[in-house]
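The values are calculated or read from the model by the stated rules, or taken from the named source; none is laboratory data. On a predicted model such as this, the values are computed, not experimentally measured, just so you know. Neighbour counts run over all protein chains shown; Cβ positions are idealised from the backbone, glycine included.
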Amino acid sequence: MDLRQMEYLVTLAEEQQFTRAAAVCGVSQSGLSAAIRSLEEEFGTSLFTRTTRRVVATDAGRALLPFAREMLTQAAAGRDAVVRATRQLSGRLRVGAEQCLGVVDVPPLLERFHRRYPLVDIHFVQAGSHELAAQVRGGDLDVAFVATTDHLASMSPAELGRRQLVLLVPPSDPLAGSARVEWAQLRERDFIDFRESWGVRTLTDAAFAAHGIPRRVPCTVDDIHTLLDLIHRGLGIALVPQHVAAKPQASGLVTVALPPDETPVWIVSAIASTTAEPAALRLLEILDLDAQACGVACEEQEADAEAQAPAAALSSSAVATS
C-alpha cells in the first residue's frame, strides 16, 4: 500500500469511472486499473463494484477512504514543511478559476501553496473563463485556471485535462430513455446554461450554430449547483462536461451521450500573465511536480504489470497441461 495507490483509490471513488479517474490522475487507464487490482489483492477483498455504467466503492473501499485521504494529507503536509523550511518566498499571488473544473481542484491547491509559502498574500477570484482570461491578459491576475481555448496564445496555456460534453435531462424527459441523441433532436427545447463568460457556454453556442439549430435559453445561471437544481425541477435540459453529470447533486438526473465526432471537447488549461509575480511560477510548479510524480508511478506500475503478464500466462499454461 503506497501513496500513489491511495491517490488512485480516492480519485476513483470520487469519479466513479476508470476513464475519468485516470484522466484526473494523469495516468493511463490500464495503469490505474493495475494499481487498484494490486491493492485489492493486498487486502484480499474487492474495494470497488464494477458495472458497465459506473464504479462504486464497496463497504471495504468506503472503510479505507478516510485513511487514504489522511495519508495523502499528511504526505502533502510533510513535503510542504520541507519546502517551507528551505525556501522562503514573499509577495502576492493573484489567482482566478472557473467553478468546478474537475481536472484541477483549486482550493486544496491554494491550501498547499499557503502551507509552503505562508508569507505570500493570496488573492482569489471565481469567474467565467473569458472574464478570467481578460484579467490575466490585462495584468490583473497572475494565473488562472480556465475552460476555454479562445485567444490564449499570448498566455502560453498549459492543458490540464479535457472532458466530453453530455446531455443532462430529468428522468421524466422524453430523451431520458435514449442512450444517445442526435443534434436534430434538441431542436425547440428549453435549455439551462451559464452566462456567456463561461467557457462551456461558448462551446455549446458554437455547436448549435454549426448544426444550424436555433436554441432557447430561458434560464441563465452563474453556478453549477443552481443549474442542476433547475434541471431537477423540470425547467430545462443542459449540456455539461462529463464530471458535472457525475456530481452528487446530479444524482437522479439522466446522462445522455451525443455523437462523439460532432460534439466539442471541453478543455481546462492553466494560463499565466507575462508579468506574473514569482509566486505564480511556484503555484504551477506544485501542479507540475504532482503530474511528474504521477507519471513516474504509472510507468513503474505498467512495467510491473507487463512483467507479470508472461508469468501469469505460463501459470495458466501449466494448469491447462497438468
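Tabulated data for the structure shown
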item	result
Where a residue in region 43-65 is within 18 Å of Q17 (Cα to Cα) and its partner, wherever it lies, is of a type in the set (V, I, T) and assigned to a helix (DSSP H, G or I), with Cβ under 8 Å and at least six apart	L47/I36; F48/I36; L65/V10
Filtered residues of region 261-281 (kept if surrounded by fewer than 19 Cβ atoms within 10 Å (Cβ to Cβ) and over 22 Å from W198 (Cα atoms))	D261, T274, T275, P278, L281
Only one of L175, L167 that is out of contact with any Pro (no Cβ under 8 Å at 6 or more places or on another chain), part of a strand (DSSP E or B), of a type outside the set (S, T, N, Q) and within 22 Å of A245 (Cα to Cα)	L167
Any chance E70 is outside any loop (DSSP other than H, G, I, E, B), modelled with pLDDT under 90, surrounded by fewer than 17 Cβ atoms within 10 Å (Cβ to Cβ) and charged (D, E, K, R)	yes
Unique match (being under 28 Å from P157 (Cα atoms) and not in a helix (DSSP H, G or I)) among L287, L235, L281, L239	L239
Matching option when the condition is within 15 Å of the chain's Cα centre (by Cα), modelled with pLDDT of 95 or more and surrounded by 15 or more Cβ atoms within 10 Å (Cβ to Cβ), among V240, V244	V240
Subset of region 27-55 [under 21 Å from A246 (Cα atoms), surrounded by fewer than 17 Cβ atoms within 10 Å (Cβ to Cβ) and in contact with a helix residue (DSSP H, G or I) (Cβ under 7 Å, 6 or more places away or on another chain)]	S28, Q29
A77 in a helix (DSSP H, G or I) and either modelled with pLDDT of 95 or more or more than 23 Å from the chain's Cα centre (by Cα) (or both)	no
When residues of region 181-196 are limited to those that are of a type in the set (D, E, K, R) and outside any loop (DSSP other than H, G, I, E, B), the one surrounded by the most Cβ atoms within 10 Å (Cβ to Cβ)	D193
Boolean, V217 is modelled with pLDDT of 95 or more, surrounded by fewer than 19 Cβ atoms within 10 Å (Cβ to Cβ), closer than 21 Å to S197 by Cβ and touching a Lys or Arg at 6+ places or on another chain (Cβ under 8 Å)	no
Some residue of region 25-36 being of a type in the set (V, I, T) and either in contact (Cβ under 8 Å) with a residue 60 or more places away in the chain or within 21 Å of D105 (Cβ to Cβ) (or both)	yes
